[in-house]
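Input: a single structure, listed below in structure tokens.
The values are calculated or read from the model by the stated rules, or taken from the named source; none is laboratory data. Here the structure is a predicted model, which means the values were calculated and not measured. Here the Cβ positions follow ideal geometry from the backbone for every residue, glycine too, while neighbour counts run over all protein chains shown. The area values use the complete protein model at the heavy-atom level, side chains included, leaving out ligands, DNA and RNA. Shrake-Rupley method; radii C 1.70, N 1.55, O 1.52, S 1.80 Å.
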Amino acid sequence: MPLSASSQKIYTLISSFIRQTSNVKDPETLLASLIKIVQKFVNCELIAILDSDFNLRISDGGEFAPDNELMEMIKWSTKTLSFTSIPEGSKIALIFPLVKVDRILGVLIAYTHEEPAFEVIDTIRTFAFLSATVLENLELYQSLEKQHEVVEETMRYMQQIFNSFPQMVVVLDSNLNPVFSNLQYVHHQKDSDLVKTIEKVASTVLTTKMRQIIEVELNESFYSIIAENVEYEDQPQVLITITDVTNTKELEKLRAADRLKTDFIATVSHELRTPLTAIKAYTETILADPESMDKDTLTGFLQIVYKESLHLESLLDELLDFAKLEQKAMVLEKSKFDLTELIMQVIQSMSEFARSKKVKLQCGKSKPIYIVADQKRIRQVLINLISNGIKYSKEEASEKYVKLSAETHQDSVIISVADNGIGIEKQHQNKIFEKFFRADSVSDYRTEGTGLGLAISKEIVELHGGQIWFESKPHEGTVFYVKIPQGE
């Protein structure tokens, strides 16, 4: 049966609207298209579109100033997911919720002098549904773009960090092609002898899957080369650090420093790769077929992406703090606060992490202790010490704990953080606060982090005019003490 002229017009407009909205890149363009299509069906004095919180998003035809009665009807209409009309003097306000699977994405209000026919209302509802579907996809797209920008910014930031290193850093793939390098390596790429030596070392690592450390003399220059086996997306790669040690008199000391810095690079690379890989995997899954995903799955995926972004942010904050301390640029913002309350807040924030490791957090009873210090930085020190106590607990222990206490001593306050974990070997105790230092026993222990926590904590405490020290027995536990002036 042939379509009527009105039906043919409706189908034509729907097809035209779908073609228009399939190419839009932002919600504003979509909503403007929706307003234009509604105007083709209804002679409207004013059309306004509100967001899901009932704030004005876009309007056409004048100022939108609803009274309380109209706002109540708008909320009722969105709550019931139904079209509503309400007289407004000589006009009629038509209310169309923008709904996608019971999710309110906005609401369209159109003022007209005559209520449209049912066929027109039903057609506009169809356009509202189509707009809500596209709007939801646009919001998801923008969210993913934002996450992508975070990842790109992280990569740029890490490139800046690596470029600041005096060492040459390069990562080679299984075909010995560079997939990453800092500026120092780029400047030395013309040295064919050095490049050949690096490729030879990388080939050995790829074959044996073992770390290589060598020293070579090339063209009257001495180089220390450290090559590490790494993987990215299940593909073997080699991380290589090259240090020019030509003018160094303390060669043995530099060997140790190179090893520590290379370990640091490997640690940071691993820590960043884990959340970056997760973000990439989940965003690729979403982008592959977003229409087929149910709301719960999509929400779960985005929550994982958000959690990994917070992990990245935490790592970057620690690197930024270290950079500030290296440049003597950290400034304390002191205020008066209750240290006891801060300790309880930190314990609360760390409780979930402690439970995941089956570690009990305990705090001795104490009355309020008011100090004048940088509350944010003292909180950072406490989190670092508690986190270490949790991470380095003994896996086989039946009862694991981290105990905190604070007490005043003359014009200072002393905080203690005690655990019954793996402890610190005596030969490492005099180096535990050094930058980049990671004892072999700690490096082999499976923990997250950059290894800068204690170095940063020491600098923060000393900026306050205080002291930090510890007592430790291997395999029995460690107690860290922080003494800072109580202030005026």
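Restricting to the range 151-192, and then to whatever is under 22 Å from the mean Cα position of the chain (by Cα) and of a type in the set (Asp, Glu), can you tell me which residue is surrounded by the most Cβ atoms within 10 Å (Cβ to Cβ)? Please lay out each step first, then the result.
First pass over the range 151-192, keeping only residues under 22 Å from the mean Cα position of the chain (by Cα): 151-162.
Retained after the next criterion (residues that are of a type in the set (Asp, Glu)): 152-153.
Numbers: Glu152: 10, Glu153: 12.
Taking the candidates together, the pick is Glu153.
Listed by position, the strands (runs of 3 or more DSSP E) enclosed by the range 326-402 that each have at least 3 residues that are surrounded by 13 or more Cβ atoms within 10 Å (Cβ to Cβ) are 359-363, 370-373.
Candidates are the residues of the range 207-245 that are open to solvent by 50 Å² or more (accessible area, probe 1.4 Å) and part of a loop (DSSP other than H, G, I, E, B); the one that is modelled with the lowest pLDDT is Glu220.
Consider the range 403-438 and keep the residues that are of a type in the set (D, E, K, R) and not in a strand (DSSP E or B). The one that is least open to solvent (accessible area, probe 1.4 Å) is Arg438.
Scanning the range 324-359 for residues that are more than 23 Å from Ala406 (Cβ to Cβ) and touching a residue at least 24 places away in the same chain (Cβ under 8 Å) yields a count of 4. For the range 464-478, how many residues meet the condition of being of a type outside the set (Asp, Glu) and part of a strand (DSSP E or B)? Residues meeting the conditions: 8. Filtering Lys146, Lys200 for residues that are under 30 Å from Asp289 (Cβ atoms) and without any contact (Cβ under 8 Å) to a residue 24 or more places away in the chain leaves a single hit, Lys146.
Give the range 310-325 a look and list any residue that's farther than 19 Å from Gln159 by Cβ and open to solvent by 20 Å² or more (accessible area, probe 1.4 Å), or say none.
First, the residues of the range 310-325 that are farther than 19 Å from Gln159 by Cβ: 310-311, 314, 321, 324-325.
Correct list: Leu310, His311, Ser314, Lys324.
Report whether or not Leu105 is of a type in the set (A, V, I, L, M), closer than 22 Å to Ile37 by Cβ and crowded, with 18+ Cβ neighbours inside 10 Å.
On the way: of a type in the set (A, V, I, L, M): yes; closer than 22 Å to Ile37 by Cβ: yes; crowded, with 18+ Cβ neighbours inside 10 Å: yes.
Spelling it out, Leu105 is indeed of a type in the set (A, V, I, L, M), closer than 22 Å to Ile37 by Cβ and crowded, with 18+ Cβ neighbours inside 10 Å.
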